[in-house]
1. Can you give me the Kirkwood hydrodynamic radius for region A:248-307, using every pair of distinct Cα atoms, in Å to one decimal?
2. Between helix B:182-198 and chain B, what is the angle of the helix's C-alpha long axis to the longest principal axis, kept within 0 to 90° and rounded to the nearest 10?
3. Which value in nm describes the separation of the simple spin-label points at residue A:301 and residue A:151, placed 7 Å from the Cα toward the beta carbon?
4. Can you pull a Stokes-Einstein diffusion coefficient for the protein assembly as shown at 37 °C (0.692 mPa s), Rh from Kirkwood over Cα pairs, as a whole number of µm²/s?
5. Could you please rank B:212, B:99, A:195, placing first whichever residue has the fewest other Cβ atoms within 10 Å of its Cβ?
6. Based on the Cβ-Cβ distance from residue B:48 to residue A:240, what FRET efficiency comes out when R0 is 60 Å, to the nearest 0.05?
7. Within region A:92-118, find all residues whose amide N lies under 20 Å from a label point positioned 7 Å from the Cα of residue B:40 along Cα-to-beta-carbon.
8. Return the distance in nm (one decimal) between the two label points of a simple spin-label model at residue B:62 and residue B:268, each offset 7 Å from Cα along Cα→Cβ.
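Derivation of every value follows stated rules applied to the coordinates shown; laboratory data play no part. Keep in mind it's a predicted model, so treat the numbers as computed, not measured. We place every Cβ from the backbone using ideal geometry, glycine too, and count neighbours over all the protein chains shown.
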């Protein structure tokens, strides 16, 4: 449930064009080969400052490789990328100063307290001495861990540790925060909390958020989604637009006389189909149309259901496969994931 | 340089600054000390092992070796045990890099916009501080053994311990940077650390050895740290000539005694080489 207030505060969603502020991330024809496997192939996109941008795809699709290139941890085979205005190949250290990183695996020191972990980070990222304390207070506050600041990280739950890592990623006021599968292994409540943290940080600190996920429901928090499959971008747009591509809403009706209802609705020029247990009417904005459609049908209606396309369907539409692990095709996906990790 | 319309001020500073690198070294050093102070088992085992060696070797072998002009094997082996305490502590401190890798924290350090040299120097300084501390506390056992120490002698011993600790920690950091798993580190250390210790003259005098053993002790870099340590301690003892001949502290190569300065210079060179290798080793990890 993305808070409406944060959504409203989000900056323009369209990619930056001339005259607008320079993009936070700009990627042109990026490719990365491991041996004869194309982990990332001819990928181009740009992310506006303050945008929440999600990279969505199954394991091994090229998400982690892309994020590693953007964080200057891996060199691309060809193509270019600029992050926070700096070239990832030419000025990697300038890039690293301006980005926050949250990895799939935990990277906290379990034997230090939350605050000690942050202090360490503050020094490595050269936060001026006189600002360290106030900045630590601030990020701990952002993730609601102020009470636990003096506790050893080894006493933290997985969710708390993850949120502490996000706080740490924000400590040095990065232009972009990168999160690689940040919600992997977290329970739904913790995932929701983490998203609140991220959206709050975007709203209050203006940070650009770039994350990868293979959870469809999560991608809906994003301003824009790029769908990546087998190293290629197959779609990129707002969640609403991506859904619109897949199809209109459908209003499903069960009526006392389906035959008569179909005739009346077709007579009104609507796209209507008979289904096994009723009729489906394809319209834009189905929820708003329900009352009118029932009126047009002109027969008693027993049951109404409005179906909106989900990102699962969007993914299926663009890739021909379901994104869930364990589904058809996931085995080859896993094999590719292993190949890419090891390389 | 900030291109965003963000409300939070960016705290980014791209200038190269030796002060900031020093700050990083100090922070990495501090983390090592904090972690050490929180692992009681490590502190305890750091003392138990050398004391065990001192008692077993010292009291166990003394009757066998006998006493030369009032000087026994306990007194001979004592500086060797101090060195051993420094060496093992230094190596095991360096080993924490393998833990850092396993628990992910190494990544936090390696992706940070700091030089690898600062990380290695901080890590080395931390390990060396702990190791020197352990070795120095061992000196408290000197009266028990009958070894006489003065303030200048202790100061010199600490200096040599520090040099020894830095070079062994740097060596350990290099090994750890090339190793992925804890098990491998322990195997490597058993194949490297113990031979180095045993062939350094820590446990037996370096005179009158068969040629092959003499060669091995002379190519062992640790020899050039252990012997000066013993030399400094023995210089303060009231030792008759017979005892000095029985337990010599010099290193002879081709019939020539090496000056202590050259011995310590060799150790310093060893440290420098492994600092460079450690930086390069870490550079290839990420």
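1. 10.9
2. 30
3. Between residue A:301 and residue A:151, the label points sit 5.1 nm apart.
4. In µm²/s, the coefficient rounds to 115.
5. Working: B:212 8, B:99 17, A:195 21.
Lowest count first: B:212, B:99, A:195.
6. 0.35
7. The answer is A:110-113.
8. Distance between label points: 3.8 nm.
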